[in-house]
Amino acid sequence: MSGTPARPSLDDPSGAHPVWSRDFSLFFVARAVAKLGDTMLPVALAAGLLQHGYGAGAVGLALAATSAAFAGLIVFGGVIADRFSTRRLMIGADLVRLGTQSLAAVLFFSGHVVLWQICAIGFVNGVAGAVFQPGVAGTVPRLATDVQGANGAIRIAEAVAQLAGPALAGLLVGLASPGTVFAAHATTYAVSALCLLLLRLPPAARSRGDRVGRGARAFRADLAEGWREFRARTWLWSVIAVWCVYMIAVRGPTVPLVATEVVRQHGPGAYGLINSALGAGTVVGGLLALRLRPRRMLRAGAIALFACAGFPVTVGADLDVAAMAAGAAVAGAGMAFWSVMWATSVQTQVPADVLNRIHAYDVAGSLAMMPVGQALAGPAAATLGADHVLLAAGGMSLVVVAALLSVRAIRDLVRMDAPTTLRSAPTATGENVCPERA
């Protein structure tokens, strides 16, 4: 038996789904504050670099340095998280980013801003993020007996941060300077590290074989083991495969083309309103995920994704701003509900001793195709027209949902709320069978 705390079944007649323990509250604050800081960063970079004579390409390069390091190294971060204390790794990653963002603040305050230095800081931040992020998946089920409720609460906090962060950053830039935003961003990592330092985590399940300290060969073995566990679950790798298509055909082109079309046709104020509606819808989706407890979570989540088609379609059809905002709100709700169903499925279906590695493969696979879709958006819009590309993206989002629901391992996966130690090995189809519900 591992040290993972038992999670009561949702069939518990008491109906209790405890979330807000002292330790989960600390973790919640850490995630919410750090997310607030992360949403402030693009505004600070754009304002700061433009003030120092750089163009939009420099802003993109600085952001790309972070995302490239993160996407390229997160799989290795998953192995590290499964071999060592995730709490210590997350605290260390926060302290590294506290230092880098403080350095960035000093550079902007001093007026000595060199692009390669900002890119180097961004790269280090990406490496720290790759070490930090895998531990998030393994920490949630160790802190909350109601994993779905915990994920819903975190998703709501992230949505609120997405709404408040850019506005707060813009206010700080206007009242003070971009350096102030970087200083505030550094402070959010200090708060996150302090919350994690105060956290009391129950013992984690050790990686099979307990290979800590055996060198590169054991590291490669852990990496391979994570890949085998990933491949063994049809529902898991099928979702990631479908999500790659979603990133190329829907999310990738939608983000830049919606911004371009809305600003060009209706002005930046309208784009801000639509983004606010998207955030508000995300909050609603998170609240729904707190209330609804579907037996087949991925099926319910996939059905909710039908709502995402309306956003690119309303923009592509050049409807009025109110219709676009409504489409964005509904899309945000659908995506948030899916996100909670997916995160909870991964955290409750995957054994604790490989969860961080599986989560790393999940994040890497989900993000890998995003830059491809973004890169293809411009040429596709130039050839077909931005409106046609957005309408096609709306159609492809329906295809993606149909693809998810067509895979039996996805649509028939039954929710699991028992401890990981009670789970059987995956079946031949990649599904795990809960003994209590077989």
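Laboratory data are not the source of any read-out in this text; all were calculated from the coordinates shown. Note that the structure is a prediction, hence the values are computed from the model and not measured. Cβ placement follows ideal geometry from the backbone for every residue including glycine, while neighbour counts extend to all protein chains displayed.
Tabulated data
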{"read-out": "Three-way shape label, segment 224-269, alpha-carbon gyration tensor, a/c 1.5", "value": "prolate"}
{"read-out": "Point-to-point label distance, Arg411-Arg264, nm (Cα→Cβ direction, 7 Å offset)", "value": "3.9 nm"}
{"read-out": "Residue of Ser110, Ser238, Ser67 that the Gaussian network model of the chain assigns the largest fluctuation, springs spanning Cα pairs under 10 Å", "value": "Ser110"}
{"read-out": "Centre separation in Å (Cα based) which lies between segment 284-333 and segment 158-190", "value": "28 Å"}
{"read-out": "Stretch gain in nm, segment Phe306-Gln117, where the contour uses 0.36 nm per residue and the Cα spacing is subtracted", "value": "63.7 nm"}
{"read-out": "Karplus 3J(HN,Hα) series, Hz, for segment 169-183 with 6.51 cos²θ - 1.76 cosθ + 1.60 (x for Gly, Pro)", "value": "5, x, 5, 5, 5, x, 7, 10, 6, x, x, 5, 5, 5, 5"}
{"read-out": "Listed residues Pro351, Pro42, Pro379, most fluctuating in the chain (Gaussian network, C-alpha, under 10 Å)", "value": "Pro379"}
{"read-out": "FRET efficiency, Val399 to Arg228 (Cβ-Cβ, R0 22 Å, nearest 0.05)", "value": "0.15"}
{"read-out": "Difference of contour (0.36 nm per residue) and Cα-Cα distance, Ala167 to Ala64", "value": "34.8 nm"}
{"read-out": "Approximate spin-label separation Ser25-Gln51, in nm, with each point projected 7 Å along Cα-to-Cβ", "value": "3.8 nm"}
{"read-out": "[x] 4, 14, 21, 29, 21, 9, 2, 0; [y] 5, 20, 31, 28, 13, 3, 0; [z] 4, 13, 13, 10, 8, 6, 5, 4, 4, 4, 4, 5, 6, 5, 4, 3, 2, 0, 0, with the label sought being that of the calculated P(r) over Cα pairs in 10 Å bins from 0, in percent", "value": "[y]"}
{"read-out": "Rounded FRET efficiency, nearest 0.05, which uses the C-beta distance separating Leu201 from Leu292 and R0 of 22 Å", "value": "0.15"}
